[in-house]
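Each remark here refers to the structure printed beneath this line.
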Amino acid sequence: MDKTMEKATEHLGSLHRAVVFLGPPGAGKGTQAKELARMFGVPHLSTGDMLRECIAHGTPLGLQAKPIMERGELVPDSLVLKMVKQRIQNADCSAGFVFDGFPRTVAQAQYFGELLKRCGYEQPLVVHFAIDPALVLKRITGRRLCKIGGEIYNIFERPTKVPGRCDKDGGELEQRPDDREEIVKPRLEAYARQTAPLVAYYRRLGRLHDVDAAQSVEEVSRRVLEVVQGHDAQSGGS
Ligand code: AMP
């Protein structure tokens, strides 16, 4: 680990910080959230992944969420909030965590703020992935995931060496059912209507940091790290 990473790890670990990645589907939040969480040794929490896991296991929550997700709509706040509350109380979240895809409505953000307060955390540090909606369609429809490790690729922007196989573990790649073009449209509409207002919400709270998500993965990673470290410096490490 280089010196910058050591410093970053020390900061996030000791600050007990909640980081939220906010942006439309296809903006690259998942890739960056996984990387940041790995670097800082904290959990990467994706409500989308949690819900897909519930569907895969056929739980009551999974059964309720499945048709809603297949239509590209948002799962009701009450179901998501119950799941999040349980998850962040796990011991592995005690040194901080990176959320990707949550909160997605103002009601979720308000509840999350209260929950964090009760757990002794300050309001989340929000990284906003700003991107032209026209660009995300190509990103989403080109996205492929490894069936084994969940590694994220893109047939246009990040192809694998062997088509259809993960570079890391050789696992078969698959497309998420809701990444098909006809489902992407309602997902983008849901973002514009229900999630985009969170940009103004967190900006008002002074918690929002913009990242130009149209840049390369490496450039966005560099900027995300700068935001996290810059924020630490601004708040004087408190
Ligand atoms: P994602 O993997 O974040 O793109 O989420 C996939 C789908 O899961 C979304 O289109 C929603 O149907 C559902 N979902 C994920 N996170 C949330 C959330 N915080 N609130 C409501 N629905 C969610």
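The values are calculated or read from the model by the stated rules, or taken from the named source; none is laboratory data. Note that this is a predicted model, so its numbers are computed, not measured. Every residue, glycine among them, receives a Cβ derived from its backbone with ideal geometry; neighbour counts consider all protein chains shown. Note: accessible area is taken over every heavy atom of the protein model, side chains too, but ligands, DNA and RNA are not part of it. Shrake-Rupley method; radii C 1.70, N 1.55, O 1.52, S 1.80 Å.
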Rounded to whole Hz, the Karplus (6.51, -1.76, 1.60) HN-Hα couplings of the stretch 191-202, x for glycine and proline: 4, 4, 7, 9, 9, 3, x, 5, 4, 5, 4, 6
Would you mind checking the radius of gyration and Dmax of the stretch 17-230 based on alpha-carbon positions, in Å? 16.5, 48
All other residues with a Cβ under 14 Å from the Cβ of Cys119 taken together, and with Lys, Arg as +1 and Asp, Glu as -1, what is their net charge? +2
Sequence-distant residues sharing a close amide H with Gly23 (under 5 Å, placed H): Phe129
Out of residues 5 or more away from Asn154 or on other chains, whose amide H comes under 5 Å of its own, with H placed 1.01 Å from N in the peptide plane? Arg144
Which ³J(HN,Hα) values, rounded to whole Hz and listed in residue order, are derived for the stretch 115-120 from phi using the Karplus coefficients 6.51, -1.76 and 1.60 in 6.51 cos²θ - 1.76 cosθ + 1.60 with θ = phi - 60°, glycine and proline given as x? 4, 4, 4, 5, 8, x
Whole-Å semi-axes of the stretch 61-129's equivalent ellipsoid, largest first, each the root of 5 times a Cα gyration tensor eigenvalue? 23, 14, 11
Env charge @ Arg87, Cβ radius under 12 Å, K,R +1 / D,E -1, value -1
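I want the antiparallel fraction of DSSP beta bridges within the chain, as a percent rounded to 5.
Values: 7 of 24 bridges.
Roughly 30 percent of the DSSP beta bridges within the chain come out antiparallel.
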Per residue of the stretch 142-151, in order, report the coupling 6.51 cos²θ - 1.76 cosθ + 1.60 (Karplus, θ = phi - 60°) as ³J(HN,Hα) in whole Hz, putting x for Gly and Pro. x, 6, 9, 10, 6, 5, 8, x, x, 4
Once amide hydrogens are built 1.01 Å from N within the peptide plane, the residues lying 5 or more places from Ala214 or on another chain with amide H under 5 Å from its amide H are none
For the chain, what is the calculated [θ] at 222 nm in deg cm²/dmol (nearest 500), taking -39500 (n - 2.57) for each run of four or more DSSP H residues and dividing by its residue count? -15000 deg cm²/dmol
In the chain, what percent of the accessible surface is made up of carbon and sulfur (1.4 Å probe, ligands and nucleic acids excluded)? 54
Summed over the other residues with a beta carbon less than 13 angstrom from that of Lys185, with K and R at +1 and D and E at -1, the charge totals -2
Residue-normalised value, i.e. accessible area per residue, for the stretch 17-230 at 1.4 Å probe, in Å², stands at 48
What aspartates and glutamates could a cross-link reach from Lys147, if we take a straight Cα to Cα line under 17 Å and drop same-chain neighbours fewer than 8 places away? Asp49, Glu53, Asp167, Asp169, Glu172, Glu174, Asp178, Asp179
Where in the stretch 98-181 are there GluC sites (Glu not before Pro) that are in a DSSP coil and have at most 15 other Cβ atoms within 10 angstrom of their Cβ? Glu122, Glu157
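How big is Rg to Rh over the stretch 123-238, alpha-carbon atoms, Rh as the Kirkwood inverse-mean-distance radius? Provide the component values of the computation, followed by the final result.
Values: Rg = 16.9 Å, Rh = 16.3 Å.
Using only Cα positions, Rg/Rh for the stretch 123-238 is 1.03.
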In square nanometres, what is one fourth of the surface area of the convex hull spanned by the alpha carbons of the stretch 43-165? 9.2
